[in-house]
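Novice: Have a look at this one before I ask anything.
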Amino acid sequence: MEKVQGEMEIERWERSEEMSDAEKKVIQETWSRVYANCEDVGVSILIRFFVNFPSAKQYFSQFKHMEDPLEMERSLQLRKHARRVMGAINSVVENIFDPEKVSSVLALVGKAHAVKHKVEPVYFKILTGVLLEVLEEEYPNEFTPEVQRAWAKMKSLICTHVTAAYKEVGWVQYPNSTMNPQVAAAVAAAAGAAAK
Ligand code: HEM
């Protein structure tokens, strides 16, 4: 049977490349610089995410109708999620040499977003893409091509584990025809960004 777009997306995420020990060290070193500025960086990432992919706001009761980035910046719900995203990534980075711990942190995140928040998993791919984009811009000296390659693997690792958790709880990937049009548009935009 022909595969639908969503299934192909998931398969691509699953082919995450192994990270070498040297790359894991690179991730820990660069992240320590970023995490020193955790609040500001986290808020910048989320604002860029919600401005460029407004349909992602649908899951957040308190700012789903906000359009002004300055107003978003003041939203307590946005700031709280920024802290949580950065905190969860920090746990992954701290435990990067312990694959079981990495799996359990990301499985918890994935399951909560599937079951409790009902977030379409494609948004994880989009958000981690925005994360890399912002880090490369904010830390141009640190994010050399070699560092960027290590972070691309980190993005893939996050998406692979989150997707696996979605599968485990029986998340159904809708074919495009029945997909919420906002989500279908986000999928198309993400596919365009990935092809660049
Ligand atoms: C790497 C990506 C992400 C990480 C690490 C992350 C982490 C978290 C954590 C730790 C929580 C709190 C725990 C919980 O409620 O179970 C949370 C809550 C939440 N997340 Fe995420 N998240 C990520 C991506 C996303 C995305 C892409 C969306 C939607 C587009 C989203 C929507 C939400 C919502 C709606 C909540 C509840 C907010 C609230 O109660 O105020 N998250 N996230």
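Novice: With the other protein chains left in place, how much accessible area per residue, in square angstrom, belongs to region 1-160 at a 1.4 angstrom probe?
Specialist: 54
Novice: Something else: What is the spin-label model distance, in nm, from Lys118 to Glu146 if the labels are put 7 Å beyond Cα along the C-beta direction?
Specialist: 4.8
Novice: Once the convex hull of the C-alpha atoms of region 55-94 is built, how many Å³ does it hold per residue, rounded to a whole number?
Specialist: Residue-normalised Cα hull volume stands at 76 Å³.
Novice: While we're on this one: May I ask you to compute the full-extension gain from Ser20 to Val169, defined as 0.36 nm times their residue separation minus their alpha-carbon distance, rounded to one decimal in nm?
Specialist: 50.6 nm
Novice: Give the whole-number value, in cubic angstrom per residue, of the convex hull volume spanned by the C-alpha atoms of region 41-129.
Specialist: Dividing the Cα hull volume of region 41-129 by its residues yields 91 Å³.
Novice: Provide the packing ranking of 75-83, 46-54, i.e. peptides ordered by the mean count of other C-beta atoms within 10 Å per residue, highest first.
Specialist: Going by the mean number of other Cβ atoms within 10 Å, highest first, we get 46-54, 75-83.
Novice: Then there is this: Using the per-residue mean of other Cβ atoms lying within 10 Å as a proxy for protection, in what order, highest first, do the peptides 33-39, 102-108 fall?
Specialist: By packing density, highest mean first, the sequence is 102-108, 33-39.
Novice: Another question about this same structure. Over 23 Å between Cα atoms, which of Lys57/Lys153; Lys101/Lys167; Lys25/Lys116; Lys64/Lys118; Lys24/Lys57; Lys25/Lys167 qualify?
Specialist: The answer is Lys57/Lys153; Lys25/Lys116; Lys24/Lys57; Lys25/Lys167.
Novice: So if I take the centroid of the Cα atoms in region 61-140 and the same for region 17-53, what is the distance between those two points in Å?
Specialist: So the two Cα centres are separated by 10 Å.
The values are calculated or read from the model by the stated rules, or taken from the named source; none is laboratory data. Since this is a predicted model, take the numbers as computed values, not measurements. Glycine also receives a Cβ, built like all others from the backbone with ideal geometry; neighbour counts cover every protein chain displayed. Heads up: the accessible areas ignore ligands, DNA and RNA and are worked out on the full protein's heavy atoms, side chains in. Shrake-Rupley method; radii C 1.70, N 1.55, O 1.52, S 1.80 Å.
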